[in-house]
1. Quick one: which residue in 162, 214 is closer than 19 Å to residue 90 by Cα and either within 15 Å of the chain's Cα centre (by Cα) or surrounded by 17 or more Cβ atoms within 10 Å (Cβ to Cβ) (or both)?
2. Starting from residues that are closer than 26 Å to residue 9 by Cβ, outside any loop (DSSP other than H, G, I, E, B) and over 13 Å from the mean Cα position of the chain (by Cα), keep the ones in region 165-196 and report whichever is farthest from ligand 2 (Cβ to nearest atom).
3. Give region 39-58 a look and list any residue that's more than 16 Å from ligand 2 (Cβ to nearest atom) and crowded, with 19+ Cβ neighbours inside 10 Å, or say none.
4. Scan region 48-62 residue by residue and report those that are more than 12 Å from the chain's Cα centre (by Cα) and without any contact (Cβ under 8 Å) to a residue 40 or more places away in the chain.
5. Where in region 1-120 are there strands (runs of 3 or more DSSP E), lying fully within it, with 2 or more residues that are within 15 Å of ligand 1 (Cβ to nearest atom)?
6. Say we look at region 59-86 and pick out the residues that are closer than 15 Å to residue 171 by Cβ and out of contact with any helix residue (DSSP H, G or I) (no Cβ under 8 Å at 6 or more places or on another chain); which of these is farthest from ligand 2 (Cβ to nearest atom)?
Ligand SMILES: Nc1ncnc2c1ncn2[C@@H]1O[C@H](COP(=O)(O)OP(=O)(O)O)[C@@H](O)[C@H]1O
Ligand SMILES: [Mg+2]
């Protein structure tokens, strides 16, 4: 559902956000005073050339990395002043992350991989397993609960990662080139799955991507170019 309604709560706000890296003594401004406001339920495509700063921005939002200046708000929570421990909790509970290379734990079964973020929160037992199973059925892997990642195809591994990203019922889903390591047909299936789970549950989602598919289905489009976050442009 496209949302342009002032009554819909703000899900994510970036305010004058800047981040630079130093390379060989030279300062490179990756994000230069960027601003954005997403409403609950927005699906956003984040595009731009390789190296423009998409992963950097997603890592700031998930609290993996810290900004040099500016503010990041997830709902009513300002990330800037939080401790590493508090950021870890935010990342675990309020953000679901899907990576290009799936990042499953090879020594855990499919259902154990999906259950892990809940168990890290101290939840255990039948309730966790049944939620994990329900999510795995939702992503089409109800018959692979006890398989290990190495016997799954790339697309199947990404389905597991999508279920894992949802297990703590996050407010925000961040997907960093989630189809970058998949063939075209599988990429299309995975994007459709991501879109449908985000829409079903009213999740705010940012997908960093080269795929024209998501660009067509997204509510909002942002391009990073020369440190700027530009709304409503297509990639070049
Ligand atoms: N930890 C780091 N130290 C120094 N430079 C970095 C670091 N992480 C990323 N960069 C640089 O920042 C730029 C943006 O990288 P990234 O956010 O990964 O781009 P994208 O995801 O759009 O391909 C690149 O030039 C990259 O080399
Ligand atoms: Mg990247």
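Values quoted throughout were computed directly from the atomic coordinates according to the rules given, and no laboratory measurement underlies them. These figures come from a predicted structure and were not determined experimentally. FYI the Cβ positions are ideal-geometry reconstructions off the backbone, even for glycines, and counts take in every protein chain you see.
1. Numbers: 214 fails: closer than 19 Å to residue 90 by Cα.
Step by step, each of 162, 214 is checked, and only 162 is closer than 19 Å to residue 90 by Cα and either within 15 Å of the chain's Cα centre (by Cα) or surrounded by 17 or more Cβ atoms within 10 Å (Cβ to Cβ) (or both).
2. Restricting to residues being closer than 26 Å to residue 9 by Cβ, outside any loop (DSSP other than H, G, I, E, B) and over 13 Å from the mean Cα position of the chain (by Cα), the top hit is 196.
3. Going residue by residue through region 39-58, those that are more than 16 Å from ligand 2 (Cβ to nearest atom) are 39-43.
Once the filter is applied, which keeps residues that are more than 16 Å from ligand 2 (Cβ to nearest atom) and crowded, with 19+ Cβ neighbours inside 10 Å, region 39-58 yields 39, 41, 42, 43.
4. Of everything in region 48-62, those that are more than 12 Å from the chain's Cα centre (by Cα) and without any contact (Cβ under 8 Å) to a residue 40 or more places away in the chain turn out to be 50, 51, 56.
5. Working: elements: 10-23, 26-39, 43-47, 69-74, 95-98.
Those strands (runs of 3 or more DSSP E) span 10-23, 26-39, 43-47, 95-98.
6. Filtering region 59-86 for residues closer than 15 Å to residue 171 by Cβ gives 61-63, 72-79.
Checking the rest, the ones that are also out of contact with any helix residue (DSSP H, G or I) (no Cβ under 8 Å at 6 or more places or on another chain) come to 61, 73, 76, 78.
Values: 61: 13, 73: 23, 76: 29, 78: 25 Å.
Taking the candidates together, the pick is 76.
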